[in-house]
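J.: Could you have a look at this structure, given as structure tokens, before my questions?
The values are calculated or read from the model by the stated rules, or taken from the named source; none is laboratory data. Small disclaimer: the values here were computed from a predicted structure and weren't measured. Every residue, glycine among them, receives a Cβ derived from its backbone with ideal geometry; neighbour counts consider all protein chains shown.
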Amino acid sequence: MAGVKKVSRDGEWSTLSDSIEHEFFLASNLNPNSPYQFRVKANNFIGWGEFSASTATTRTTPPGENKIELNRGMQYLQQQTESGKKAPQQWQEKRDLDYSKEHEPVKLKTGENAELQVRKYNPVAEWGRGKYSLVVKCVRSDDRRHFALKLLDMRERSTQVKEEVEALKSLRHERIAQLYESYCVGNVTVLVMEPLAGVDVLTYMASQYQYSEQQIYTVVNQVLDALSYLHWRGYSHLDLQPDNIVLTSTRRCDVKLVDFGSAQQVSKAGSPINLVGHVEYMAPEVMLEQRGFVSSDIWSLGVVTYVLLAGASPFAGLDEEETRSNVQYVRFKFEHLSAATTQEAIRFIMLIFKRDPSKRPTVDECRDHKWMLETDFTTKKRERAVFFGTKLREYDLSYHRARTEGATRAADLLNFNDAAFLPRIAYDPDVLADL
């Protein structure tokens, strides 16, 4: 629910709407050049909460000024809100996994019918960008369900895009973001995906005043669940890093793997692969020989674990050449790790950081490690190991800044479906910490 108050001596609060189910609302019929304040309160299956503190006073523009314009997706949501219709809530939208897709994969649709189907998905806001892709939040016009659209630039990358669709179309696991539909429209491949929170594990942890080793264990355990399934299917993710481990909700530590643009089927002896990804998270054999193993994912998970524990990269050097050398010779520093880090966590990392892929632990061997035990004693020990978010927040900012610099600016993606996206959703650490 949103309320508005005109700032005056006898100003009273008025209700704008009691059914806002998205991140914006366009207030209309306000007086020009007048001061207003706003406040909101939340509703879920339990009931209504309390009103927030009011905003700072803001003034509407003078008469004759340009009005705010909404893109097509936002207009649709605004109309639905003003009509008073209720959208399906997040807890109502949760779907059971359709394991039949393992044997009857999602088909890539093309032609005029594909274009018509894609028009049903109204983009609302940008969620993230990759080097050749854009992920947006959208709402489907026929049933008002929310989805994530991943838009992939086909120019000069048709082989890689086909490989991503090939990998995703038959994967079904609770720790892997689901693919529902796929379309090819012009130079763009459109993947209709399961909607997640849009915030990765690094930003989530960095947003907290303090977090525990138990929370890191939870993330690692969930990622191991996903890798167990992937490796059983013969795939290696090959680009496991923080922004590919995404929260399903900002209210709990529950993650899924996304971005299978680098995923390939690999043999036990290793398979030739395309060199992609962040060098700090690459296994040595991937970086040097462009060969991938399932144990290459285990190495990358070890780097993610170290980063969450230390708030720093284990192999980052002063430049890329030094970083590559550190990865090649497995040179990393223990001094980045907090004194609160348990010895079991340190030994877990040391077990993973092996130059020879065959000497790294499998998923099952990782789960059998002492740090991963679910006994009361081990759990309490992990819960007592607490880290402050300040250091991790600094790494989070530098990591995402580097990712943003290499992000796509392709017009075919940014203007897809006549969209005029809101700026990328930014998760301010201070705001997330209050959720």
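J.: Residues of the range 43-70 being hydrophobic (A, V, I, L, M, F, W, C), in a loop (DSSP other than H, G, I, E, B) and touching a residue at least 40 places away in the same chain (Cβ under 8 Å), which ones?
T.: F45, F51, I68, L70
J.: Shifting gears a bit: If we scan the range 197-207, do we find a residue that is aliphatic (A, V, I, L, M), farther than 30 Å from R382 by Cβ, in contact with a Lys or Arg (Cβ under 7 Å, 6 or more places away or on another chain) and surrounded by 17 or more Cβ atoms within 10 Å (Cβ to Cβ)?
T.: no
J.: Can you pull out the residues in the range 404-413 that are part of a helix (DSSP H, G or I), of a type in the set (A, V, I, L, M, F, W, C) and under 19 Å from the mean Cα position of the chain (by Cα)?
T.: L413
J.: Write out, first by first residue and then by second, each pair whose Cβ atoms fall under 6 Å of each other, whose residues are 6+ apart or on separate chains, and whose first residue, in the range 150-170, is in contact (Cβ under 8 Å) with a residue 12 or more places away in the chain and at positive phi while the second is assigned to a helix (DSSP H, G or I) and of a type in the set (D, E).
T.: Qualifying pairs under 6 Å: none.
J.: With the requirement that a residue be at pLDDT below 85 and hydroxyl-bearing (S, T, Y), what does the range 4-40 give you?
T.: S8, S14, T15, S17, S19, S28
J.: Considering only the range 141-180, state which residues are assigned to a strand (DSSP E or B) and surrounded by fewer than 17 Cβ atoms within 10 Å (Cβ to Cβ).
T.: Within the range 141-180, just Y180 meets the criteria.
J.: Which one is surrounded by the most Cβ atoms within 10 Å (Cβ to Cβ) among residues in the range 247-257 that are at pLDDT below 95 and of a type in the set (V, I, T)?
T.: T248
J.: Here is a check on your reading of the model: is V286 in contact with a strand residue (DSSP E or B) (Cβ under 8 Å, 6 or more places away or on another chain), over 22 Å from R175 (Cα atoms), at pLDDT 90 or above and not in a loop (DSSP other than H, G, I, E, B)?
T.: Here the answer is yes, as V286 does meet what is asked.
J.: In the range 221-238, what count of residues is obtained for those that are surrounded by 24 or more Cβ atoms within 10 Å (Cβ to Cβ) and either over 25 Å from Y99 (Cβ atoms) or of a type in the set (S, T, N, Q) (or both)?
T.: 1
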